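Have a look at the structure below, then the notes.
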Amino acid sequence: MVPILLLSLATGAGCFHGHHSENPGSKGDGHHVVGPSYPIDPDLTDRGNPKGRQFEFKMRLADSKLFRGDDATLEPTKKAVRTERKIFVYIPAAYRDGTPAPVLVTHDGPSQLKLVRNALDNLTISKNPERSLPPFIVVSIENGGNDGKNSERGLEYDTMSDRFARFINDEVFPAVLADPAIHAAYPKLAITSNPWGRATMGCSSGGAAAMTMAWFRPDLFRRVIAYSGTFVDQQDDDAPEEAKFPLGAWEYHSSLKLIANSPKKPLRLFTHVSENDNRAKDPEETYHNWVMAGERTAAALKDKGYHYRYVLSRATGHCDSKVFDLTLADTLVWTWQGYRPE
């Protein structure tokens, strides 16, 4: 029998699973500046340690109840929508079948999966408790196609709602557990229902998606990694969410000031911006200034007292691969700091 994921939807979006807690301390929190030199971290290279197993399968958009690819906001003749999306899954060698697995969801799959795999291979067996990772599985999800407003990717990543978090929890996770190849190799595979054991990561709009998943559903996801996050106004103008969040993800730090004006949520958040990120050259394009958005998001997290880590990378551009090469191992270690396995 295929294992059944124990969903935590019944708690509701406003409930925070009070029986789950963590006390990670403040080590590594705060503002950090890196660059202009970007050597790759050795823990992100193949150091010859035991390897896990990687799987790949596809999900048809037409089979989804949440993202079928036919939303009214889409313009498929201008911005093509995929008919199916690839799902990449990596299960590290240190994972033991039947153990409730922590999980990292990454967007725009396979994205940085190679670096994350190497980090897991090297740091799940680390003898240094301050430089180690739990044996989380990675679920890397291809977007639905194209970019920006009126696109499927934009709908999934830039919309201010819990819809994408529900898609991952309700449709992608069960599909992972039901995949024949994965089930044959790991017949007792289980994904933890502890929201502190669920992290999400992305770059650009994928970074905004990581933030939004946890912001709207902290009962499902609590650890966030957002590189070059699109905390700007890129939500579709025709989206129903415009009525409540007229400037999209810009509302986290300005106008509505969601971070400042909302009750503090049980979240741990890494954010980043590059010095030469997508700066708006036209003063009228303020709501699309990635650097300003990144700085103000970090300042809002600091003022609210969140465990946050903000990195400014010198002499780099949007979603610059050099930044991942230098920082991703440190980012993962900080993000998972304080996690206690079940």
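The values are calculated or read from the model by the stated rules, or taken from the named source; none is laboratory data. Just so you know, these numbers come straight off a predicted model, no measurement behind them. All Cβ positions, even for glycine, are placed from backbone atoms using ideal geometry, and neighbour counts span all protein chains on display.
Quick one: is Val176 at pLDDT 95 or above, in contact with a strand residue (DSSP E or B) (Cβ under 6 Å, 6 or more places away or on another chain), outside any helix (DSSP H, G or I) and not aromatic (Phe, Trp, Tyr)? So Val176 does not fit the description; no.
Among the candidates Ser140, Ser161, Ser126, the residue that is assigned to a loop (DSSP other than H, G, I, E, B), modelled with pLDDT of 95 or more and closer than 26 Å to Asp219 by Cα is uniquely Ser161.
For every residue, the table says whether it meets (1) within 30 Å of Leu247 (Cβ to Cβ); (2) surrounded by 24 or more Cβ atoms within 10 Å (Cβ to Cβ); (3) without any contact (Cβ under 8 Å) to a residue 12 or more places away in the chain; (4) out of contact with any Ser or Thr (no Cβ under 7 Å at 6 or more places or on another chain).
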position: Phe173; (1), (2), (3), (4): no, no, no, yes
position: Asp179; (1), (2), (3), (4): no, no, no, yes
position: Ala185; (1), (2), (3), (4): no, no, no, yes
position: Asn194; (1), (2), (3), (4): no, no, no, yes
position: Met201; (1), (2), (3), (4): yes, yes, no, no
position: Ala209; (1), (2), (3), (4): yes, yes, no, yes
position: Arg217; (1), (2), (3), (4): yes, yes, no, yes
position: Tyr227; (1), (2), (3), (4): yes, yes, no, yes
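Just one of the listed residues (Asn146, Asn150, Asn169, Asn118) is surrounded by fewer than 22 Cβ atoms within 10 Å (Cβ to Cβ), in contact with a helix residue (DSSP H, G or I) (Cβ under 8 Å, 6 or more places away or on another chain) and touching a residue at least 12 places away in the same chain (Cβ under 8 Å), and it is Asn146. Is one or more of the residues making up region 123-133 polar (S, T, N, Q), surrounded by 18 or more Cβ atoms within 10 Å (Cβ to Cβ), out of contact with any Lys or Arg (no Cβ under 9 Å at 6 or more places or on another chain) and touching a residue at least 40 places away in the same chain (Cβ under 8 Å)? No, because not a single residue in region 123-133 is polar (S, T, N, Q), surrounded by 18 or more Cβ atoms within 10 Å (Cβ to Cβ), out of contact with any Lys or Arg (no Cβ under 9 Å at 6 or more places or on another chain) and touching a residue at least 40 places away in the same chain (Cβ under 8 Å). Within region 300-321, which residues are assigned to a loop (DSSP other than H, G, I, E, B), within 20 Å of the chain's Cα centre (by Cα) and either without any contact (Cβ under 8 Å) to a residue 24 or more places away in the chain or within 22 Å of Pro24 (Cβ to Cβ) (or both)? Once the filter is applied, which keeps residues that are assigned to a loop (DSSP other than H, G, I, E, B), within 20 Å of the chain's Cα centre (by Cα) and either without any contact (Cβ under 8 Å) to a residue 24 or more places away in the chain or within 22 Å of Pro24 (Cβ to Cβ) (or both), region 300-321 yields only Tyr306.
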